[in-house]
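The structure appears right after this line, and notes come after that.
Derivation of every value follows stated rules applied to the coordinates shown; laboratory data play no part. These numbers come from a predicted model, not from an experiment. Because the Cβ atoms are built from the backbone with ideal geometry, glycine has one as well, and the counts that use them run over all protein chains shown.
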Amino acid sequence: MIKTLVAILLLVPLCAVAQRQKRDPLSDLEVDKLRDAAQTPDVRLKLYIEFARTRLERLQQAKADTKAADRDQQMQDALQDFIDIFDELDDNVDTFADRDDDLRKALKPVIEADTEFGSKLRAFKSSLATSREEFAKYDYLVGTALQAVDDGAKDHRSLLAEQEEKFKNKKEKAHKERSSGG
């Protein structure tokens, strides 16, 4: 009984530390904005794009601020937050698609952002090439972010093509029914 109690007392502080380390990539204001746009795909996806773009801007600012004491942590946080937010964007696209929402309008800015994000991440990665030490610090996170963006871009383009075809067929079918039934 005492061993169990000691084990629990030792684990409680560890759990608290682990919980503190998992940061939410979104601010309270950003969460509120997303909550307000929960049922509106084009607004919600644009918000995720805005938030992801902000994290890439923070990454560039941190990289430019060579005198900041916590520069490495700021850059790692910005990259991890970008990855987390982009993953949420991708999950939301999937959720709206699974609900059979018409995402044609909403996907166009997402696809544009995929291209923008990929370019910015590739530029950031190439800027690290001058320092082997910096490259080693960020290679994994940048690689993960690039993989997520590249996979997302492919999936988003594919989904847009599917949606174009699907809703084109629905429109044609509705038009035929009105013409013949009408």
Legend entry - Matching residues in the stretch 133-173 - criterion: being surrounded by 12 or more Cβ atoms within 10 Å (Cβ to Cβ), of a type in the set (D, E, K, R) and under 25 Å from PRO41 (Cα atoms): ASP150, ASP151, ASP155, ARG157, GLU162, GLU164, LYS166
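Against the definition (surrounded by 14 or more Cβ atoms within 10 Å (Cβ to Cβ) and either over 20 Å from LEU141 (Cβ atoms) or aromatic (Phe, Trp, Tyr) (or both)), how does LEU107 come out, yes or no?
yes
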Legend entry - Residue in the stretch 125-132 that is under 26 Å from LYS154 (Cα atoms), under 19 Å from the mean Cα position of the chain (by Cα) and surrounded by 13 or more Cβ atoms within 10 Å (Cβ to Cβ) present: yes
Legend entry - One residue from PHE96, PHE135 being within 30 Å of LYS168 (Cα to Cα) and of a type in the set (Phe, Trp, Tyr): PHE96
Legend entry - Set ASP81, ASP87: member being charged (D, E, K, R), touching a residue at least 40 places away in the same chain (Cβ under 8 Å) and touching a Pro at 6+ places or on another chain (Cβ under 6 Å): ASP81
Inset, instruction - Return the only residue of ASP102, ASP114 being surrounded by fewer than 20 Cβ atoms within 10 Å (Cβ to Cβ) and acidic (Asp, Glu). - result: ASP102
